[in-house]
2 protein chains.
Amino acid sequence: MLTLYNFHASSTSYRTRIVLNYKNIPYEYISVRLDKAEHLGRAYGEINPMRGVPTLDTGDARLYQSSAIIEYLEEVYPDPPMLPNDPLGRAHVRAIAAIVGSDMHPVNNLRIRNMLRDAYKQDADGVNTWIHLWNRQGFEAIEAMLRSDKARKPGFCYGSSATIADAYLVSHVFSAVRFKTDMTPFPLIRTVVENCERIEAFAKAHPSRQPDAAQ
Amino acid sequence: MLTLYNFHASSTSYRTRIVLNYKNIPYEYISVRLDKAEHLGRAYGEINPMRGVPTLDTGDARLYQSSAIIEYLEEVYPDPPMLPNDPLGRAHVRAIAAIVGSDMHPVNNLRIRNMLRDAYKQDADGVNTWIHLWNRQGFEAIEAMLRSDKARKPGFCYGSSATIADAYLVSHVFSAVRFKTDMTPFPLIRTVVENCERIEAFAKAHPSRQPDAAQ
């Protein structure tokens with residue numbers, strides 16, 4: 001049995017839960033309460049040296065970084081696939097995922113928001129200005145990629161079924177909406193998210209449905 | 001013939017050049033001068049919607065995001081490999097790469113440094129404080145992963161030959177040293193970097209040896 005150390009509201013956790021659910025992989029849920037700084041304590045530091053969530057414990061090894069965990073799941077549990085068969089398609093899907101995973105999420109992460117507040121004395125509006133700027137740049141790029149992909153069905157980032165790009169996008173849009181980033185300029189992204197959120201594997205992964213969600 | 005849109009001093013470009021060289025893949029070098037903001041112009045925006053470097057043009061498609069490009073190169077040019085054969089080993093190597101590619105590089109990127117300077121009025125010392133903080137957290141995690149991996153040879157991040165983790169680490173340490181992050185606390189990382197920099201594929205990818213390097 002796999003064990004996932006994660007937190008309900010973390011978008012890197014959310015994207016990983018989507019992939020686990022989509023592939024029908026059972027796992028034990030262990031909550032790492034970021035809101036109580038549990039990830040900064042000694043105990044979690046011995047589980048994950050970067051102190052990030054998620055960590056996937058396979059029984060044989062602890063795996064770090066959601067992007068590496070998701071590639072591992074795709075390799076070991078290939079059915080149903082969440083990457084296309086052809087290398088160019090895979091590169092396209094991974095690029096959308098990486099815009100979220102490298103250009104959007106890390107710069108708006110909890111540790112960065114805390115730093116803006118503590119070191120640069122930014123109030124909530126100041127922090128939100130920062131968040132919206134990087135979200136907007138990333139969403140504009142993804143919207144353009146969706147627009148120029150003529151072979152795509154409207155409910156998905158690529159092709160006609162869910163890929164890891166949808167897992168990244170759905171979980172990041174959840175976070176962006178929470179911080180009130182205006183999604184109006186991104187109709188193609190909104191259609192993808194609305195469609196994918198109706199898929200049971202995505203819905204079951206939603207933060208509000210996790211055992212450590214605020215009651 | 002592949003075409004790589006890139007910039008000599010960009011660490012995401014540098015890591016991609018290392019992989020291209022290591023796999024003996026010829027490519028045309030097209031310079032996108034980040035120091036002259038060429039990536040923000042209309043022409044490059046039509047090549048890459050996120051306006052990042054590198055972009056790899058395969059002739060059939062333009063590929064974005066170095067992590068996606070590197071996975072593409074590994075799939076299409078598997079020999080010599082830069083990922084282990086087994087899924088757990090691959091996940092470990094990808095995790096080291098992702099600590100650099102998601103937790104370290106993006107938060108110290110040019111657009112972020114410009115924002116700290118312009119919006120938060122940080123001088124060079126202020127910007128460097130920010131850079132060193134995230135570099136230190138990431139290097140500490142990677143140093144711990146290298147230390148606990150008893151099967152590793154000292155000259156590499158994993159096993160006894162170069163992987164994508166080495167490509168990410170060498171290129172990021174170049175950037176960290178340029179910003180004067182203190183590498184003294186990370187002897188295992190320094191040994192990996194010193195060893196890999198002597199490999200011709202890595203040496204040829206060094207920023208100082210590119211056609212757009214400052215003369």
**Q.** Relative contact order, percent, segment A:1-104 [alpha-carbon distance under 8 Å, six or more residues apart]
**A.** 27 percent
Q: Quantify how strongly other chains surround peptide B:92-101 by giving the mean number of their Cβ atoms within 10 Å of each of its Cβ atoms.
A: 6
**Q.** Prolate/oblate/rounded call for segment B:59-169, Cα gyration tensor, a/c under 1.5 rounded
**A.** oblate
**Q.** Over segment A:37-150, relative contact order from alpha-carbon pairs under 8 Å, at least 6 apart, %
**A.** 13 percent
Q: Compute the label-point distances linking A:Asn114 to its equivalents in the other copies; points lie 7 Å from Cα along Cα→Cβ; give nm, one decimal, shortest first.
A: 3.0
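If the only charges are +1 at each Lys and Arg Cβ and -1 at each Asp and Glu Cβ, what is the size of the charge dipole of chain A around the Cα centre, to the nearest 20 debye?
Values: 25 positive and 24 negative charges, 81 e Å.
Rounded to the nearest 20 debye, it is 380 debye.
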Q) Net charge near B:Asp212, counting Lys/Arg +1 and Asp/Glu -1 over other residues with Cβ under 14 Å of its Cβ? A) +1
Q. A:Lys153 label points, 7 Å along Cα→Cβ, one per copy: pairwise distances from this copy to the rest in nm, shortest first?
A. 4.8
Q) What accessible area, in Å² to the nearest ten, does a 1.4 Å probe give for A:Lys153? A) 110 Å²
Q) From the label point of A:Asp86, set 7 Å from Cα along Cα→Cβ, how far away are the matching label points in the other copies, in nm, ordered shortest to longest? A) 3.5
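For every other residue with a beta carbon closer than 12 angstrom to the beta carbon of A:Gly41, add +1 if it is Lys or Arg and -1 if Asp or Glu, then tell me the sum.
Its environment carries a net charge of +2.
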Q | Sites matching chymotrypsin sites (Phe, Trp or Tyr not before Pro) across segment A:121-200 that sit in DSSP coil, with at most 15 neighbouring C-beta atoms within 10 Å | A | A:Phe179
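Taking the Cβ of A:Val170 as the center, what net charge do the other residues with Cβ under 12 Å away carry, scoring Lys and Arg +1 and Asp and Glu -1? Please report the intermediate quantities before stating the final value.
Values: positive: A:Arg15, A:Arg17, A:Arg190, A:Arg198; negative: A:Asp166, A:Glu194, A:Glu197.
Every neighbour counted, the sum reads +1.
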Q.
Need the full-extension length gain, A:Glu28 to A:Glu200, defined as separation in residues times 0.36 nm minus the C-alpha distance. One decimal, nm.
A. 60.1 nm
Q.
What Kirkwood Rh does chain B have if only Cα atoms enter the pairwise 1/r average? Answer in Å.
A. 17.7 Å
Q) When the chain is fully extended, how far beyond the present Cα-Cα distance does A:Ala119 get from A:Asp35, taking 0.36 nm per residue of separation? A) 28.3 nm
Q: At 1.4 Å probe size, with every protein chain present, just tell me what the per residue accessible area of segment B:1-127 comes to in Å².
A: 39 Å²
Q) How large is Rg over Rh for the protein assembly as shown, taking Rg from the Cα atoms and Rh as the Kirkwood inverse mean of 1/r across Cα pairs? A) 0.93
Q. Carbon and sulfur atoms: what percent of the 1.4 Å accessible area of the protein assembly as shown do they account for?
A. 51 percent
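The values are calculated or read from the model by the stated rules, or taken from the named source; none is laboratory data. Quantities reported herein were computed from a predicted structural model and do not represent experimental measurements. Heads up, the Cβs are rebuilt from the backbone with ideal geometry, glycines too, and the neighbour counts pull from every protein chain shown. Ligands, DNA and RNA are stripped out before the accessible areas are found, and what is left, the full protein with its side chains, is counted by its heavy atoms. Shrake-Rupley method; radii C 1.70, N 1.55, O 1.52, S 1.80 Å.
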